[in-house]
């Protein structure tokens, strides 16, 4: 069964998903939508989509579309997901699904009540390198995992043409890159934190530009991360245990993980040859839809709500 996709939002991230679709025979780029028909038609010609639409609503109403991929600004994720699901479309929505748990909940409840497949595309959840790190931790290769640290921050100039600098569009570092730090902590800890704290630095446009996040888990792990859009940091994450440590290079798109013993000697490593990690989330999404399933085993709707709830704690 080939899944016919419609894409809403035609920026850089959408182009990466189109590349993933081109490498997976079960997915077909069928339609592309923008608020500008001319832009949609240009994208259609460049990537060979069957149809172009001058509005998102028009695409959602097309009976030939099986599923939609939402790559629009954060503030549009939930409204467009609701519109697409109301038309019976399965939805793969870019992260973060919603700015807050409260905003995410109605869409999650709608998907559950109506049996519609809804998945937040937090692509790190599907990466084989992250799965290998979890395997090493479970096997006790670093003893008892104790501390997790992560950093994802880059420097960008304040640009009012970029949605990340607009509060009303769901901009800011927390939703742009801080969600990766938070979700890695939740994923590797494997449980709900018992304490969450953090700080945000608000910039001139009203969005958070830098931040730090800490968590404590019932299993004894503590985690901390820094994130930002106005400072460059070292792009990596570590898990430190009683008998070793694990490095995840560029963890949000991790293709390489290295395990060390307590003396700093390398004892194992994993390298993923796949350059476009979007293929993993795309494959499972298509399989779920073909099998009539409504939630991902890698990124459940509860995972989506818990991550949103965790981010909420930094705004209190």
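The values are calculated or read from the model by the stated rules, or taken from the named source; none is laboratory data. Note that the structure is a prediction, hence the values are computed from the model and not measured. Cβ placement follows ideal geometry from the backbone for every residue including glycine, while neighbour counts extend to all protein chains displayed.
Observations on the model:
- Any chance residue 75 is in contact with a helix residue (DSSP H, G or I) (Cβ under 6 Å, 6 or more places away or on another chain) and either assigned by TED's automatic domain parsing to the domain that holds residue 167 or assigned to a helix (DSSP H, G or I) (or both): yes
- Residues satisfying the stated conditions in the range 243-265, i.e. in contact with a strand residue (DSSP E or B) (Cβ under 6 Å, 6 or more places away or on another chain), surrounded by fewer than 17 Cβ atoms within 10 Å (Cβ to Cβ) and over 23 Å from residue 227 (Cβ atoms): 261, 262
- Residue tally, condition over 23 Å from residue 273 (Cα atoms), in contact with a helix residue (DSSP H, G or I) (Cβ under 7 Å, 6 or more places away or on another chain) and assigned to a loop (DSSP other than H, G, I, E, B), over the range 109-140: 2
- Considering residues of the range 48-72 that are part of a helix (DSSP H, G or I) and out of contact with any strand residue (DSSP E or B) (no Cβ under 6 Å at 6 or more places or on another chain) only, the residue nearest to residue 112 (Cα to Cα): 60
- Residue among 143, 198 that is touching a residue at least 24 places away in the same chain (Cβ under 8 Å), part of a strand (DSSP E or B), over 25 Å from residue 16 (Cβ atoms) and in the same structural domain as residue 219 (by TED's automatic domain parsing): 198
- Residue in the range 146-161 that is at pLDDT 95 or above and either outside the structural domain of residue 224 (by TED's automatic domain parsing) or part of a helix (DSSP H, G or I) (or both) present: no
- Counting only residues that are in contact (Cβ under 8 Å) with a residue 60 or more places away in the chain and within 17 Å of residue 77 (Cα to Cα), the range 146-164 holds 2 of them.
- Residue that is surrounded by the most Cβ atoms within 10 Å (Cβ to Cβ), among those in the range 104-139 that are within 20 Å of residue 57 (Cβ to Cβ) and without any contact (Cβ under 8 Å) to a residue 40 or more places away in the chain: 107
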